[in-house]
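These notes are about the structure you will find just below.
Throughout, read-outs are computed from the coordinates displayed, never taken from laboratory work. From a predicted model like this one, the values you see are computed outputs, not experimental measurements. Counting neighbours? That spans all protein chains shown, and the Cβs are built from the backbone with ideal geometry, glycine included.
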């Protein structure tokens, strides 16, 4: 399946994202404990097959502000040795563990892009949406569990803050600039991370036990892998994800 075809069903992924990583329908509650003998997970996510060249984005509006640099579709970014960027890695059904930090997060509208493309924000923490471009943007969240928002952000309104009450993966678009797309991953426990430019990731302070690690990508979908965490040890988890 090509990049263009993937866009057709990317919306469906955003709608079902809360079922993939969110807390909907869970029969358990997360319990905070003191983790004294926790282990870690370290690994890498790679793309199966030949990495496609990123598609160039056509700038159709505000060319003076948005056309200063060349832009590409950021929905599938592949680094060295097929390392896959922006994969959300989590332990979805973990029942006990360290305390969730309530630090806020930031998405900057800079150079007519969402930076970062995928952001993690805890339930109840503030997400700051900044406008560094000096032009009108329009923030449009496509959420189904949390109340959606659709807000203009003119150049004089540098920051808008939002909070979320439930775990969900939320697609973010700009109604003023059609190529601008990003993702907000709202999480209700601390065992979430995002793979870096080379596909590497890590999770730490995990209570010993058997778990299932979940890998989610906006285009390539989801993959799961079992892992056993031993006390004060690091488990290596490398996965490959491809188009099915």
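Work the Kirkwood hydrodynamic radius out for region 136-225: mean of 1/r over every pair of different alpha-carbon atoms, inverted, in Å.
15.6 Å
Once all Cα-Cα distances of region 73-133 are split into 10 Å bins that start at 0, what whole-number percent is in each one?
18, 37, 33, 12, 0
Stick to the Cα atoms of region 27-116, pair each with every other, and give me the Kirkwood hydrodynamic radius in Å at one decimal.
Numbers: mean 1/r = 0.0574 Å⁻¹.
Computed over region 27-116, the radius equals 17.4 Å.
Which FRET efficiency value, to the nearest 0.05, do you get for residue 232 and residue 158 by plugging their Cβ-Cβ distance into 1/(1 + (r/R0)^6) with R0 = 35 Å?
0.20
How many nm separate the modelled label positions at residue 34 and residue 224, each set 7 Å beyond the Cα in the direction of the Cβ?
About 3.4 nm, to one decimal.
In µm²/s, what is D for the chain at 37 °C and 0.692 mPa s, where D = kT/(6 pi eta Rh) by Stokes-Einstein and Rh is the Kirkwood radius from Cα pairs?
Estimated diffusion coefficient is 174 µm²/s.
When the C-alpha atoms of region 177-244 are aligned to their principal axes, what extent does each axis show, in angstrom, from largest down?
49, 28, 20
Seen from all sides and averaged, what is the projected area of the convex hull of the Cα atoms in region 70-198, in nm²?
Taking a quarter of the hull surface, the average projection is 8.6 nm².
Nearest 10 degrees is fine. How inclined is helix 3-21 to the longest principal axis of the chain, computing both from alpha carbons?
Once rounded, one gets 50 degrees.
If the viscosity is 0.692 mPa s and the temperature 37 °C, what translational diffusion coefficient in µm²/s does Stokes-Einstein give for region 55-108 when Rh comes from Kirkwood over Cα pairs?
Estimated via Stokes-Einstein, D reaches 210 µm²/s.
Tell me, what is the FRET efficiency for residue 63 and residue 103 to the nearest 0.05, using R0 = 35 angstrom and their Cβ-Cβ distance as r?
0.45
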